[in-house]
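**Q** For reference, the structure I am asking about is given below.
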Amino acid sequence: MTGFLLRRLLILLATLIAASLVVFAVLQVLPGDPAAIMLGTGARPDTVAALRHRLGLDAPLALRYLRWIAGLATGDFGISYTYSVPVRTLIGERVLVSLPLAVLAIVLSTAIAIPVGVLAAARRGRAADAAMMGVAQVGVAIPNFWLGLLLILLFAIRLPWLPASGFPGWDGGAWPALRALILPALALGLPQGAILARVTRAAVIETLGEDFVRTARAWGLSRRAALWRHAVPNALVPVVTLIGLQFSFLLAGTVIVENVFTLPGLGRLVFQAIAQRDLIVVQDLVVLLAGSVIAVNFVVDLVAAWLDPRQRLAA
Amino acid sequence: MKGSAWRSPSLLAGAAITAVMVAVALLSLVWTPYRPTAMDFVHRLAPPSAVHPLGTDSFGRDVLSMIMAGAQSSLTVALIAVAVGAGLGIPLGALAAARAGLLDDLVMRGCDLAFAFPALLTAVMITALAGPGAGNAMLAIGIFNIPVFARVTRGAARGVWAREYVLAARAAGRGDAAISVVHVLPNIAAVLMVQATIQFALAIVADAGLSYVGLGVQPPQPSWGRMLNEAQTFIWRAPLLAIFPGLAIMLAVLGLNLLGDGLQDLLDPRLRRAR
Amino acid sequence: MKRMLLALAAGALLAGAGAAQAKDTLTLGMVLEPPHLDPTAGAASAIREVTYANIYEGLTRIDRTGAVQPALAESWSVSPNGLTYSFKLVAGVKFHDGTPFDCSVVQFSYGRAMAPDSVNAQKQLFEPIAGIACPDRFTAVVTLKRPSALFLFDMGWGDAVMVSPKSAATDKTNPVGTGPFRFRQWVHGDRVELERNPDYWGSQPKLKAVTFKFVSDPSAATAAVLAGDIDAFPLFPAPEAIDQFRADKRFAVHVGTTEGKTIVALNNARKPFDDIRVRRALTYAIDRTQLIEAAQSGFGKPIGSHYVPTDPGYVDLTGTYPYDPAKAKALLAEAGVKPGTEITLMLPPPPYARRGGEVIAAMWEQVGIRAKLVPIEWAQWLDQVFKRTDYDATIISHTEARDLDIYARDKYYFNYHSDAYRALYQTYVQAVDPKAQTDLIGALQKKLAEDEPNVFLFALAAVGVADARLRGLWENQPIPANDVTGVSWAE
């Protein structure tokens, strides 16, 4: 087990380094000079050169990469070119929007999808199953940003219950902040929930057909007990794996949904930083996002291994 | 086989919706009610009427015509993106399956690396790098399709490589490439078809998303995503503008998903049992 | 006695409650967040929209009408040859960090802007300065290399404010000035908060605190104002929603003017734009009124040269090339430009460019010009269009005030070279007599309209929405600023 863990950790590290190299290389080719952007149309070439020097942009490529990586390793994310504040502070402020949003979306989608999926599996072939899966089929096809628009139309404009956009921050109390996250979380979570419900249903049906469930039934276990005690726990492996995979989709999804609801999260920071050629922020963000995807998948693998009774026995 | 196809409602519905979408896209090349770029400053933000069945946008352009032209651009981008992904991913996956060992490891680790980048984020970066536009959107979405096809191909092909007649062909001295083309690929074509349908649907969503943030097909060429973005600005005055393009995206994706599900049921009897 | 005291206390309490009810804070909406808060080290208008006159002050200041007013210099005199300016400085002024303001600060601030390693975005403003002398603590004598008609106006720009020698290096994140408000905090991506400076040298502002909130999205801005989250949005990004606010008594809508000269900039060095007939044809092809209607919901004033109607010496030249597609076609044919010729039109992010570009493309199409629209970010615009002049045409609004000099520069991205214009501009800069100055401004505008190096479209309007009880906001934007020093709430 330790050997397995070590190997996985090594791969994780190697992937992270490769990702950082890719990001760094890609950004060097981007047209646009951060110094020129900061100084605007009236600036003279010598002024721009002076600023480039001050930002350390005139150092050789390899040196700049090493400086950056060394900083990352020690928790120093560098200084934002545009804001002149540590990138860590900048990201820290935004994470407080994006992370609760992603978590809320995952919780929502899981809370809806698993009961629906299990129920549909239990009622397989009946009208309830068909209706739920029909809705799920449509849900999968709705792009989250359009769902966001529809939710705004319905719950912010027609029925003025929730804010259409913006984020009041957490200083003003948890409730106003949560209120602002409800619609975005629904927009993000519902389509993912639809996918999850379909997978849950398929996985439960699959395990219902397996020998040990049949045996349990033959031993006189009620249908419901067989479902909840044996079929569902065993169906969790693919479901958990999918939730892990969805994390990556969710992160990407926040990029667009934050734009729909104008939330000051990581997604909008990415756009803003790309537009202003705040390269250091872009680099940090992409590596951070890629890193969290890698880390989440790593954890999911472990959880799946732990959940799977066959693998648990082997270990 | 043919008989069972007719019994699958999702296959039928999916095929029908997709056929309509393709037909509309093709039709828009030769005919739309109005020129989709023609502006009518007098009739701006007009509600649906007999003259403009879906109304007009803030420039007075006919929304129905724009949605028709949007179908064409959306399907084109998705098609080429999937073609890029399949065209590079399938050979890579087939190669990895044929030559287990270092090459296989390399290809698979490369896929892992690609999967670590959230797809849309990658696309945003690529389009920001190369400039917004249809071509770059295709490329960005296509690049993310490469590892998907590589993985699926490798997974399916490895099973085929273990079969006796393939081993026999190898023993007879046939090259890996020849075996891949003659024996392996035909055997996994069905799996790849299903995957391609699913990726096609995902590509339509991705294209709409990129267009929504202004990185997809560029004006004046209409696109569903950009129509939604513009609609949001006028959502207080003309909420309907935010409905129709979204419906179009949903229908296109729904059609392809149903088609994919139906195909999968048809080709994989074991899975059919589960559905 | 006791009872009376009690009554007094109750009265005081009541009065206190009453005072608390009269609002003394302001939340002001802005489209763009400033990159930082040092106007002497960056060009972004947003920096000035937060800091100008509120945090930082200069020797002179520009008022709401665009006129020059005394600020940290309470008076000045100019020598007859226009080369020596003697400023009498206000005594007893302290920066927010406690540093006293005197002539050495003037030397420091201007010196910093002129230094070889300066990162001042408007370094050319200081170019005429030959030296700054301090005969006594509160007199600053600035000598110029050559007369400069705009010198007092220029020293009123945000780029020429006084900064404290002790804290200038950290002004980007922690701005320190002499103004009536001082910096409290900045929540990145959301807002900047200022509070009243109790030690201000001048009269105290009525507001106790001001929050600048950043909302770039038009629909989000509409929602925030409707919900009362934002009290005033001076440059409101959703002109299409204005009717709604006009109909609502809780709000006041202001349509003011800006210095934003919106133009289709043409690369005069590139074919076919080197041909004056083509440039004129492209102008004849545009119906400015329809353009303003469709792209800006009707807000904006047509212009016929690089000068806005609100500035002194304006000449109305909008009739020079009236909308006339037939004439445009004829001119293009004469110049040998074939129908169907494609030109690329670069569109930076603001709606005037993105939406305007679509309308202009539709109008040009009517005369046989196919415009390929290329939306680009500011970063690329600055690099490709502005710096490398690798472009055909672009839509852009020049927001710098009275910037007729850009057409006289050796290298500027229009690639317009006219010795006649330059000579005229030199005469104007060196003119000392106000009457002569006004005449020369008119002549400069006419020369530009005649040569039409760019297609002059319209002056951007400052469409603002505010709570109807607010008093004292600037309605016009003679320079980028949200001077809230005179703002108060009606009882």
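The values are calculated or read from the model by the stated rules, or taken from the named source; none is laboratory data. Predicted model, so just to flag it, every value in this text is computed and none were measured. Glycine gets a Cβ as well: all are built from the backbone with ideal geometry, and neighbour counts include every protein chain shown. Protein only, heavy atoms only, side chains kept; ligands, DNA and RNA dropped before computing areas. Shrake-Rupley method; radii C 1.70, N 1.55, O 1.52, S 1.80 Å.
**Q** If I fit a long axis through the Cα atoms of helix A:45-55 and take the longest principal axis of the Cα atoms of chain A, what angle between them do I get, 0 to 90°, rounded to 10?
**A** For helix A:45-55, the angle is close to 50 degrees.
**Q** Right, next: Where Rh is the Kirkwood radius over the Cα pairs of region A:91-314, the temperature 20 °C and the viscosity 1.002 mPa s, what D in µm²/s does Stokes-Einstein return?
**A** For these conditions, the coefficient is 112 µm²/s.
**Q** Hey, got the average number of other protein chain Cβ atoms within 10 angstrom for residues in A:158-165?
**A** That average works out to 4.
**Q** Out of all DSSP beta bridges in chain C, what portion is antiparallel? Express it as a percent rounded to 5.
**A** Within chain C, antiparallel bridges account for around 75 percent of the total.
**Q** Which value in Å is the Kirkwood Rh of chain B over different Cα pairs?
**A** The answer is 20.5 Å.
**Q** Using a Förster distance of 60 angstrom, determine the FRET efficiency expected from the C-beta separation of C:K435 and C:D248, and round it to 0.05.
**A** Using R0 = 60 Å, I get an efficiency of 0.80.
**Q** Considering only protein heavy atoms and a probe of 1.4 Å, how much of the accessible area of the protein assembly as shown is carbon and sulfur, as a whole percent?
**A** 64
**Q** Once you have the alpha carbon radius of gyration of chain C, what is it after dividing by 2.2 N^0.38 Å, with N set to its residue count?
**A** Cα Rg divided by the expected 2.2 N^0.38 Å: 1.06.
**Q** Continuing with the same structure: Tell me which chymotrypsin sites (Phe, Trp or Tyr not before Pro) from region A:213-315 have a DSSP coil assignment and no more than 16 other beta carbons within 10 Å of their own.
**A** A:W219
**Q** Still on this structure, please answer the following. Normalized C-alpha radius of gyration of region C:258-461, against 2.2 N^0.38 Å?
**A** 0.97
**Q** Where nothing but the Cβ of Lys and Arg (+1) and of Asp and Glu (-1) is charged, how large is the charge dipole of chain B around its Cα centre, in debye to the nearest 20?
**A** I would put it at about 620 debye.
**Q** Here is a follow-up. Taking the Cα atoms of region C:58-164, what is the range of coordinates along each of the three principal axes, in descending order and whole Å?
**A** Rounded to whole Å, the extents work out to 36, 33, 31 Å.
**Q** Report the far tail of the P(r) of region B:79-185, meaning the percent of Cα-Cα pairs longer than 20 Å.
**A** In whole percent, the share of Cα-Cα pairs in region B:79-185 beyond 20 Å is 45.
**Q** Follow-up. Answer rounded, prolate or oblate for region B:67-129, using the Cα gyration tensor with square roots of eigenvalues a ≥ b ≥ c: rounded when a/c is under 1.5, else prolate when a/b is larger than b/c, else oblate.
**A** Taking the square roots of the gyration eigenvalues as a ≥ b ≥ c, region B:67-129 is oblate.
**Q** First check a/c for region C:303-397, with a ≥ b ≥ c the square roots of the eigenvalues of its C-alpha gyration tensor; if it is under 1.5, answer rounded, and if not, answer prolate when a/b is larger than b/c or oblate otherwise.
**A** oblate
**Q** Report the B-C buried area as the accessible area lost on both sides summed, probe 1.4 Å, in Å² to the nearest 100.
**A** 1800
**Q** Suppose every Lys and Arg Cβ carries +1 and every Asp and Glu Cβ carries -1, with no other charges. What dipole size does chain A come out with about its Cα centre, to the nearest 20 debye?
**A** Once rounded to the nearest 20, the dipole reads 920 debye.
**Q** Just the Cα atoms of the protein assembly as shown, one point each, no solvent: what log10 I(q)/I(0) does Debye give at q = 0.04, 0.07, 0.08 Å⁻¹?
**A** Debye intensities relative to I(0), on a log10 scale: -0.24, -0.72, -0.91.
**Q** Averaged per residue, what accessible area in Å² does region A:44-131 show with a 1.4 Å probe, protein chains only?
**A** 50
**Q** Could you tell me which residue out of B:A83, C:L28, A:L266 lies farthest along the dipole of the protein assembly as shown toward its positive end? Charges go on the beta carbon: Lys and Arg +1, Asp and Glu -1, centred on the Cα centre.
**A** Farthest towards the positive pole: B:A83.
**Q** Residue farthest toward the positive end of the dipole of the protein assembly as shown, with Cβ of Lys/Arg at +1 and Asp/Glu at -1: which of C:S297, C:P478, A:L99?
**A** Farthest towards the positive end: A:L99.
**Q** With everything on Cα atoms, drop me the angle between helix B:9-30 and the longest principal axis of chain B, reported from 0 to 90° to the nearest 10.
**A** It is inclined by approximately 60 degrees.
**Q** May I pose another question? Please give the total accessible area that chains C and A bury against each other, computed with a 1.4 Å probe and expressed in Å² to the nearest 100.
**A** 2800
**Q** Does anyone have the angle between helix A:266-275 and the longest principal axis of chain A? Alpha-carbon axes, 0 to 90°, nearest 10?
**A** Once rounded, one gets 30 degrees.
**Q** Which one, A:I256, A:L63, A:G220, projects farthest toward the positive side of the charge dipole computed for chain A from Cβ point charges (K/R +1, D/E -1)?
**A** Value computed over the given set: A:G220.
**Q** Would you tell me the accessible area of B:M193, worked out with a 1.4 angstrom probe on the heavy atoms of the protein chains, in Å² to the nearest 10?
**A** 110
**Q** Chains A and B: how much accessible area gets covered up at their contact, both sides added, probe 1.4 Å, in Å² to the nearest hundred?
**A** 3900
**Q** Take each of the peptides A:236-244, B:146-154, average the number of other beta-carbon atoms within 10 Å over its residues, and list them starting from the highest.
**A** In descending order of packing, they fall as B:146-154, A:236-244.
**Q** Under the rule that an exposed site lies in a DSSP loop and has at most 15 other Cβ atoms within 10 Å, name the longest stretch of chain A with no trypsin sites (Lys or Arg not before Pro) of that kind, not counting the sites themselves.
**A** Maximal segment without exposed cleavage sites: A:127-315.
**Q** Which of the three applies to region C:284-325, rounded, prolate or oblate, going by the alpha-carbon gyration tensor with a ≥ b ≥ c and a/c under 1.5 meaning rounded?
**A** In terms of gyration-tensor shape, oblate.
**Q** Ordering C:Y56, B:Y165 by accessible area with a probe of 1.4 Å, largest first, what comes out?
**A** Most to least solvent-accessible, the answer reads B:Y165, C:Y56.
**Q** What are the residues of region C:288-304 that lose 20 Å² or more of accessible area, with a 1.4 Å probe, going from their chain alone to all protein chains?
**A** Buried on complex formation: C:Q290, C:E293, C:A294.
**Q** Also, quick follow-up: Over region C:58-164, with the other protein chains present, what is the accessible area per residue in square angstrom, probe 1.4 angstrom?
**A** Per residue, region C:58-164 has an accessible area of 36 Å².
**Q** Treating only the Cβ atoms of Lys and Arg (+1) and Asp and Glu (-1) as charged, compute the dipole magnitude of region C:185-338 about its Cα centre; round to the nearest 20 debye.
**A** Rounded to the nearest 20 debye, it is 460 debye.
**Q** Could you compute the longest span of chain C free of trypsin sites (Lys or Arg not before Pro) located in DSSP loops and having at most 15 other Cβ atoms within 10 Å, not counting the site residues?
**A** Longest run free of exposed loop sites: C:271-387.
**Q** Can you give the accessible area per residue of region B:38-163, in Å², using a 1.4 Å probe?
**A** 35
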